[in-house]
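K.L.:
Sharing a structure with you now.
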Amino acid sequence: MSNTTRPNYFWSILSMKCPRCRRGKMFNSGNPWNLKKVFDMPEHCEECKQRFELEQGFWYGTGYVSYALSVALSVASFVAWWVLIGMSSHDKRFFWWLGLNILLLVVLQPWLMRLSRVIYLYFFVRYNEDYKNTPPKEFNL
């Protein structure tokens, strides 16, 4: 067992680190708004050699995660709008929120798509403190 500290689970997700070692980067580019390279990922983690695409078509499930993140963000922005500004049927506050929420979702979509890939991979690959001495997780193909 090593003397290094265990990386934080949520910080590893938000910083988009490998789920097995929580140290290797999952994306080649740190900028999700570079749309030509938004999904540019290495084949495996440079630290622990964990493959990221566990099987053919593995990333199709991230659509559900991305949808859940978008709904959660929309609900959070609605509650914040309602508490801070309020809703009324006599003016256009709801439509202002709707327009700003659409803008927020469009601007954050590349980051949400990357985050959904990270969260989805975290469903299948667990953290392993002894990742240097154990083989990476693989699906039976």
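K.L.:
Putting +1 on Lys and Arg Cβ atoms and -1 on Asp and Glu Cβ atoms, find which of S89, A76, G57 reaches farthest to the positive end of the dipole of region 9-124.
P.N.:
The residue sitting most towards the positive pole is A76.
K.L.:
While we're on this one: Sequence neighbours fewer than 8 away in the same chain don't count; with that in mind, list the aspartates and glutamates whose C-alpha is under 12 Å from K137.
P.N.:
Once the sequence-local aspartates and glutamates are set aside, what remains near K137 is E53, E55.
K.L.:
Beta carbons within 10 angstrom, averaged per residue: use that to sort the peptides 65-71, 16-22, 46-52, highest first. Mind dumping the intermediate values first?
P.N.:
Numbers: 65-71: 15.9, 16-22: 23.1, 46-52: 17.9.
The densest-packed peptide leads the list: 16-22, 46-52, 65-71.
K.L.:
For the chain, what's the relative contact order in percent, using C-alpha pairs closer than 8 Å and at least 6 residues apart?
P.N.:
Details: 137 pairs, mean separation 49.6, N = 141.
Averaging sequence separation for qualifying contacts and normalising by length gives 35 percent for the chain.
K.L.:
Next question, about the same structure. In deg cm²/dmol, rounded to 500, what helix-only [θ] at 222 nm does the chain give when every DSSP H run of at least 4 residues adds -39500 (n - 2.57) and the total is split over its residues?
P.N.:
Numbers: 3 runs with 61 residues, N = 141.
Counting only the DSSP helices, I get -15000 deg cm²/dmol.
K.L.:
Let me ask another. I need the phi-derived Karplus couplings for region 63-68: 6.51 cos²θ - 1.76 cosθ + 1.60, θ = phi - 60°, integer Hz, Gly and Pro marked x.
P.N.:
After applying 6.51 cos²θ - 1.76 cosθ + 1.60, I find x, 5, 5, 4, 4, 5 Hz.
K.L.:
Once you've got the GNM for the chain with C-alpha springs shorter than 10 Å, pick whichever of D91, D40, D130 has the biggest mean-square fluctuation.
P.N.:
Taking springs between Cα atoms under 10 Å, the residue moving most is D91.
K.L.:
Right, something else. May I ask you to evaluate 6.51 cos²θ - 1.76 cosθ + 1.60, the Karplus curve with θ = phi - 60°, for each residue of region 18-23 and list the ³J(HN,Hα) values in order in whole Hz, giving x for glycine and proline?
P.N.:
4, x, 6, 10, 6, 10
K.L.:
Picking from G61, G99, G30, which is most flexible by a Gaussian network model of the chain using Cα springs under 10 Å?
P.N.:
Result for the chain, Cα springs under 10 Å: G99 fluctuates most.
K.L.:
Once you charge only the Cβ atoms, +1 for Lys and Arg and -1 for Asp and Glu, what is the size of the charge dipole of the chain about its Cα centre, to the nearest 20 debye?
P.N.:
Working: 17 positive and 10 negative charges, 44 e Å.
Computed about the Cα centre, the dipole is about 220 debye.
K.L.:
Where a Cα-Cα gap under 12 Å defines reach, which aspartates and glutamates qualify for K132, not counting those fewer than 8 residues away within the same chain?
P.N.:
E46, E47
K.L.:
Let me ask something additional. Using a Cα distance threshold of under 27 Å, what count of lysine pairs results for region 9-124 when pairs must be 8 or more residues apart or interchain?
P.N.:
Taking region 9-124 as the scope, the lysine pair count is 9.
K.L.:
Ok, one more. Taking a temperature of 4 °C and a viscosity of 1.567 mPa s, what whole-number D in µm²/s does Stokes-Einstein yield for the chain with Rh from Kirkwood over alpha carbon pairs? Could you put the intermediate results ahead of the total?
P.N.:
Details: Rh = 17.1 Å.
Estimated diffusion coefficient is 76 µm²/s.
K.L.:
How far is helix 93-124 tilted off the main Cα axis of the chain, in degrees rounded to 10, range 0 to 90?
P.N.:
Helix 93-124 and the main axis of the chain meet at about 10 degrees.
Values in this text are rule-based calculations from the coordinates and carry no lab data. From a predicted model like this one, the values you see are computed outputs, not experimental measurements. As a convention, Cβ positions derive from the backbone with ideal geometry for all residues, glycine included, and neighbour counts pool all protein chains shown.
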